[in-house]
1. For residue 59 and residue 16, what does the FRET efficiency come to when R0 = 22 Å and r is the distance between their Cβ atoms, rounded to the nearest 0.05?
2. So how tilted is helix 14-42 from the main axis of the chain? Cα-based, degrees 0 to 90, rounded to 10.
3. Based on DSSP loop calls and a cut-off of at most 11 other Cβ atoms within 10 Å, the longest stretch of the chain free of exposed trypsin sites (Lys or Arg not before Pro) is what?
4. Determine Rg/Rh for the chain; Rg is computed over alpha-carbon atoms and Rh is the Kirkwood hydrodynamic estimate from the same atoms.
5. Using only helices, what value at 222 nm comes out for the chain when you add -39,500 (n - 2.57) per DSSP H run of length 4 or more and divide by the total residues, to the nearest 500 deg cm²/dmol?
6. Which distance in nm do the two modelled labels at residue 42 and residue 74 give, with both placed 7 Å along the Cα-to-Cβ direction?
7. Report the relative contact order of the chain, percent, no decimals, based on alpha-carbon pairs under 8 angstrom and at least 6 residues apart.
Amino acid sequence: MRPRPVYDLPRELEPLYRKAKRLEWATLFFMTTIVIVIYLAMGSSQAMKAAWIEDLLSFVPAIAFLVSGRFKDRRANEEFPYG
């Protein structure tokens, strides 16, 4: 299987991509503070525990975006033909 051709973002989209990464880091920071506050306030309330777990799960999209950005820049080779 031959490696796929390299795909780079168009020049006009690079600033938007960098801005999106900064916003995701800010999102993670603010969500972390919210999760900590909910954890400190939840006590033995089952509803607050459910809200805390829901907030923990809201980390997944932001982390997935940042992780996929790390893999986006990898070049294709014989072992990994799609990069």
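1. Numbers: r = 23 Å, r/R0 = 1.03.
Efficiency, from the Cβ-Cβ distance: 0.45.
2. 20 degrees
3. Result, exposed sites excluded: 1-73.
4. 1.20
5. Details: 3 runs with 55 residues, N = 83.
Result for the chain, helices only: -22500 deg cm²/dmol.
6. Label-label distance for residue 42 and residue 74, simple model: 3.3 nm.
7. Reported relative contact order: 48 percent.
Computed from the coordinates by the stated procedures, all read-outs in this text should not be read as laboratory data. What you see is a predicted model, and the numbers here were worked out from it, not measured in a lab. Glycine also receives a Cβ, built like all others from the backbone with ideal geometry; neighbour counts cover every protein chain displayed.
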